[in-house]
Structures are given as structure tokens and as C-alpha cells.
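The values are calculated or read from the model by the stated rules, or taken from the named source; none is laboratory data. Keep in mind that this is a model prediction, so the values were computed, not measured. As a convention, Cβ positions derive from the backbone with ideal geometry for all residues, glycine included, and neighbour counts pool all protein chains shown. Side chains included, ligands, DNA and RNA excluded: accessible areas come from the protein's heavy atoms. Shrake-Rupley method; radii C 1.70, N 1.55, O 1.52, S 1.80 Å.
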Amino acid sequence: MKSLRNYSIPFTGLPLGKHHFDFDINDAFFDEFEYSLVKKADLKCQVEMEKQETMLILNFHIAGTINASCDKCLSQYPQPLDIHEQQIAKFSDEEIDEDDEIITLHKNEHEIMLAGLIYEYINVAVPFISVCNDEGNTPYCDNEMLDKLNNLSANNEQDENPDPRWDVLKKIK
């Protein structure tokens, strides 16, 4: 958890206005999260923070690649990501009903932790079905596995002769 301290912004001494911060997201970042979908990554996170009297507006741009496993041939390949998100953090002593858009920062807080937000943005951006862009034509593809899959699917199409016992049921209407 100590390495996640690098993903915080101390905002107390900053003047009002826009400020830019850069973070490297790599394997060590995801090692801190036990059940992460992503294990290996090479990402750059740029955060533009606009400090106002009553709130912080955080604009995230996360770009780079993560290692993904192809759902078709099961080989590892680099999945590009390009994420743009915005988060608002409001200064308040009262507890605001927190939703996904607004974080409450109490008056005695002096920094905002971004590790959880970055982790969430990346894991939500991981494709539900992971396949490389050009199937079979990249150096990452397992062509032997793709050939086996194609052969099996071709055999299934040929073996689809209907069972004659079902013909009796087709006559019932």
C-alpha cells in the first residue's frame, strides 16, 4: 500500500487554477490490488486538476497498453487503452450522498488519493471480450490454436444432419 501513496495529490498549498500531474501505471501498481483484471500494464496517466474555492475538478487521460489474454486463441497480446474521465471533489463538512460524480473532501483533508479512481477507470475500460484487431495476422496470435478452432467449427457444420426421430414432431402443428 505504500507504493499507492505516490498516486495522491496534496492540494492544500496549491493556488487556485489548473495544475498538471503525471503518473506512471505499471505492474507494481496492479500488484497492490489482489483481484485486479489487469496484471501487467504500461500506461501514462495525466491529471489536470482545477482547484476552485469549493471544489476540485479532476480530468484524467490514461493511455498506453495492458496485457490481455485473447478470448479466442488464449495468447497474451497488448491491448491499447485510451481513457478520458472526469471526477469532481467537493469541500464540505457535511456528508453528501456520494455518487460516482462527486467525492466529498472534509476541511481537514490536505490531499486526494487517486489510486482507487485510476484502478477503477482502467478495469472498467478493459474490453468484455478481448480479441486482437487482426486475428491470425499479428505476432501475438497462436495460429495453431486458431487452425484447430477453424477445423472444429468446420466439422460441426458438416455433422449437422438432422436426426430422423425429430421428423415426427415437425408434422405436429
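Here are some notes:
- Exclusive hit being at pLDDT 80 or above, under 25 Å from the mean Cα position of the chain (by Cα) and polar (S, T, N, Q), set Asn151, Asn133, Asn123, Asn108: Asn123
- Residues located in the range 120-142, provided they are without any contact (Cβ under 8 Å) to a residue 40 or more places away in the chain and open to solvent by 40 Å² or more (accessible area, probe 1.4 Å): Glu120, Val124, Phe128, Asn133, Asp134, Asn137, Pro139
- Residue match in the range 90-101 (condition: touching a residue at least 12 places away in the same chain (Cβ under 8 Å), assigned to a helix (DSSP H, G or I) and not acidic (Asp, Glu)): no
- Selection within the range 1-30: residues that are over 18 Å from the mean Cα position of the chain (by Cα) and of a type in the set (Val, Ile, Thr). The member of this set that is least open to solvent (accessible area, probe 1.4 Å) is Ile9.
- Selection from the range 71-90 of residues that are under 28 Å from Ile112 (Cα atoms), aliphatic (A, V, I, L, M) and surrounded by fewer than 16 Cβ atoms within 10 Å (Cβ to Cβ): Ile88
- Residue in the range 31-70 that is surrounded by the most Cβ atoms within 10 Å (Cβ to Cβ), counting only those that are acidic (Asp, Glu) and farther than 19 Å from Asn6 by Cα: Glu50
- For the condition surrounded by 14 or more Cβ atoms within 10 Å (Cβ to Cβ) and either over 12 Å from the mean Cα position of the chain (by Cα) or under 23 Å from Thr12 (Cα atoms) (or both), Leu117 qualifies.
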